[in-house]
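A short write-up of the structure that comes next.
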Amino acid sequence: NAGVTQTPKFQVLKTGQSMTLQCAQDMNHEYMSWYRQDPGMGLRLIHYSVGAGITDQGEVPNGYNVSRSTTEDFPLRLLSAAPSQTSVYFCASRSPTGHGAEAFFGQGTRLTVV
Amino acid sequence: GDSVTQMEGPVTLSEEACLTINCTYTATGYPSLFWYVQYPGEGLQLLLKATKADDKGSNKGFEATYRKETTSFHLEKGSVQVSDSAVYFCALLNTGTASKLTFGTGTRLQVTL
């Protein structure tokens, strides 16, 4: 059971380039989310999805797009990378059942925009 | 909106010392509360949780009690080990926004021999 898998682990982009961060989970979880982690700011929610075909914005959505065509996959697209998007990105998934259901996280993607 | 406030780190302790990391929250309704831990180079993993007032979560010698009267969920351990060195995040999940976890800023713990 792989859990939540993120690729790539590391990426360097030039300003203005686009890319897609991949996230896949094999636990049949309906809820999936993308966070960015920056020093002194904890984890901030970028976008989230409560099921296939349903997505919504989080706290810091600008410059990012998401789609959810299947339960398993939730890719995050950077449209035109900026240095301010240098961060560590985490994907998480969770079952909606149960008020205290645990969120499972991928190992993260460390992105540097130069 | 919902928010979580954690004590700032880093916290540096000697092995076998007592640990307390403070966490307070602001939320409407009856949130569930969590502590997540992030070891170097890894993603977050659940350490413990509590889903209602006065519940105590515990795991690996860590404990936290859900105190509604003080809106707190402080993390404690009686005797820390070098292997506990990590970043600890307090988080809440509210019934009104059930799909979204709200995290604190994280507290880095360094345990030395």
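The values are calculated or read from the model by the stated rules, or taken from the named source; none is laboratory data. Treat the numbers as computed from the prediction; the structure is a model and nothing was measured. Cβ coordinates were reconstructed from backbone atoms using ideal geometry, including for glycine residues, and neighbour counts include every protein chain displayed.
Annotations for the structure displayed:
- Selection count where residues are away from chain A (no Cβ under 14 Å) and either without any contact (Cβ under 8 Å) to a residue 40 or more places away in the chain or buried (at least 18 other Cβ atoms within 10 Å of the Cβ) (or both), scope the stretch B:86-113: 2
- Note on the stretch B:63-113: among residues that are among the polar types (S, T, N, Q), closer than 26 Å to B:Ser14 by Cβ and assigned to a loop (DSSP other than H, G, I, E, B), the one that is modelled with the lowest pLDDT is B:Thr105.
- Qualifying residue in the stretch A:38-47 (condition: under 22 Å from A:Gln107 (Cβ atoms) and at pLDDT 95 or above): yes
- Looking only at the stretch A:60-71, residues that are over 13 Å from the mean Cα position of the chain (by Cα) and either touching a residue at least 40 places away in the same chain (Cβ under 8 Å) or within 14 Å of chain B (Cβ to nearest Cβ) (or both) come to 1 in all.
- Search result, residues across the stretch B:9-41 that are polar (S, T, N, Q) and either within 15 Å of A:Glu102 (Cβ to Cβ) or surrounded by 15 or more Cβ atoms within 10 Å (Cβ to Cβ) (or both): B:Asn22, B:Thr24, B:Ser32, B:Gln38
- Any hit, the stretch B:42-62, residues being part of a loop (DSSP other than H, G, I, E, B), surrounded by fewer than 17 Cβ atoms within 10 Å (Cβ to Cβ) and among the hydrophobic types (A, V, I, L, M, F, W, C): yes
- Residue within the stretch A:81-90 that is within 9 Å of chain B (Cβ to nearest Cβ) and either among the acidic types (Asp, Glu) or part of a strand (DSSP E or B) (or both) present: yes
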